[in-house]
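J.: Got a structure for you, written out below as structure tokens; questions coming shortly.
The values are calculated or read from the model by the stated rules, or taken from the named source; none is laboratory data. All values reported here derive from a predicted model rather than from experimental measurement. Here the Cβ is made from the backbone with ideal geometry for all residues, glycine too, and neighbour counts use every protein chain on show.
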Amino acid sequence: MTYQDSLKPANLKTMLTLQDELNRVIDPNWVSAKQPFLRAAFVEAAEALDHHGWKWWKNQSPDVYQLQIELIDILHFYLSDALVESNANLDLSIKKISTELQITNIIFDEVEYKLGKLDILQLLELLGAMAACRRRSFAVLDQLMKRCSLRWHDVFLHYVSKNILNLFRQANGYRDGSYIKIWDGEEDNVWLERIVKNISPEEPDYPTRLRQKLTEKYLKIKSGSSS
């Protein structure tokens, strides 16, 4: 796989917008609350280390899929941290993140790290150490995604679809228990995967189209009809 892959500003704006929307569902005043999102990123980095395997005294094989999921979870917390830093100013967040992505060397604790020469474990250690000190690096996350065969295009699709489903659940009674999660014998996330395959992510209203298709299917489920 080649990595002529970058995060498009339009896709970044969409993800930031969705992250802000989801965070406001959880706490309308989430920006001023300034929750420790980088603490959460630190924990995810530690979990990613376990999925990769780091114990030299036993035989371990990397669980690449779970490792990819952890990286996308870290992205959620990174985006939230960037929004807090910019006071939810999307344009400023995009500018800062885009600048971070251009970085190739990082000086941390008076040691210079050339990101392109670090392996997955070293990158995860660096990301976790920085997060523990309330610092983030989209450049480190970008390098990790490359090492784990994760393209930004695929990250965007996964991120948007999962966030739209979470927002859809919240809007339809997930918190009070009235939400129906099983649709025609399968979980809603299985239906989400089917819907995603039939919508082009290049459409400017991609998130809206996803929401619309989920709503159409859910209304059929609630009315008792199927397919």
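J.: Just give me the residues in segment 158-185 being farther than 20 Å from Asn198 by Cβ, touching a helix residue (DSSP H, G or I) at 6+ places or on another chain (Cβ under 8 Å) and part of a loop (DSSP other than H, G, I, E, B), in sequence order.
T.: Selection gives Asn172, Tyr179, Ile180, Lys181.
J.: Can you tell me how many residues in segment 35-62 are over 11 Å from Leu121 (Cβ atoms), touching a residue at least 12 places away in the same chain (Cβ under 8 Å) and in a helix (DSSP H, G or I)?
T.: Final tally of qualifying residues: 10.
Here's the yes/no breakdown for (1) within 23 Å of the chain's Cα centre (by Cα); (2) surrounded by fewer than 18 Cβ atoms within 10 Å (Cβ to Cβ); (3) small (Gly, Ala, Ser):
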site	(1), (2), (3)
Arg151	yes, yes, no
Gln170	yes, yes, no
Gly173	no, yes, yes
Glu187	yes, yes, no
Leu192	yes, no, no
Pro201	yes, yes, no
Leu219	no, yes, no
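J.: Among the residues of segment 53-69, is any in contact with a Pro (Cβ under 6 Å, 6 or more places away or on another chain) and more than 24 Å from Leu12 (Cα to Cα)?
T.: yes
J.: Now for a different question. Taking the stated definitions as given, is Gly177 at positive phi, surrounded by fewer than 16 Cβ atoms within 10 Å (Cβ to Cβ) and modelled with pLDDT of 90 or more?
T.: yes
J.: Limited to segment 82-135, what total is found for residues that are part of a loop (DSSP other than H, G, I, E, B), within 18 Å of Val43 (Cβ to Cβ) and in contact with a helix residue (DSSP H, G or I) (Cβ under 6 Å, 6 or more places away or on another chain)?
T.: Narrowing segment 82-135 to residues part of a loop (DSSP other than H, G, I, E, B): 86-89, 102-104, 109-110, 118-119, 133-135.
Of the ones still in play, those that are also within 18 Å of Val43 (Cβ to Cβ) are 133-135.
Adding the requirement that they be in contact with a helix residue (DSSP H, G or I) (Cβ under 6 Å, 6 or more places away or on another chain) leaves 134.
Final tally of qualifying residues: 1.
J.: Is it the case, given these coordinates, that Leu101 is touching a residue at least 24 places away in the same chain (Cβ under 8 Å), buried (at least 20 other Cβ atoms within 10 Å of the Cβ) and out of contact with any strand residue (DSSP E or B) (no Cβ under 7 Å at 6 or more places or on another chain)?
T.: Against the criterion (touching a residue at least 24 places away in the same chain (Cβ under 8 Å), buried (at least 20 other Cβ atoms within 10 Å of the Cβ) and out of contact with any strand residue (DSSP E or B) (no Cβ under 7 Å at 6 or more places or on another chain)), Leu101 does not qualify.
J.: A further question follows. Looking only at segment 162-207, which residues are of a type in the set (S, T, N, Q) and either more than 20 Å from Leu16 (Cβ to Cβ) or touching an Asp or Glu at 6+ places or on another chain (Cβ under 6 Å) (or both)?
T.: Asn172, Ser178, Asn189, Asn198, Ser200
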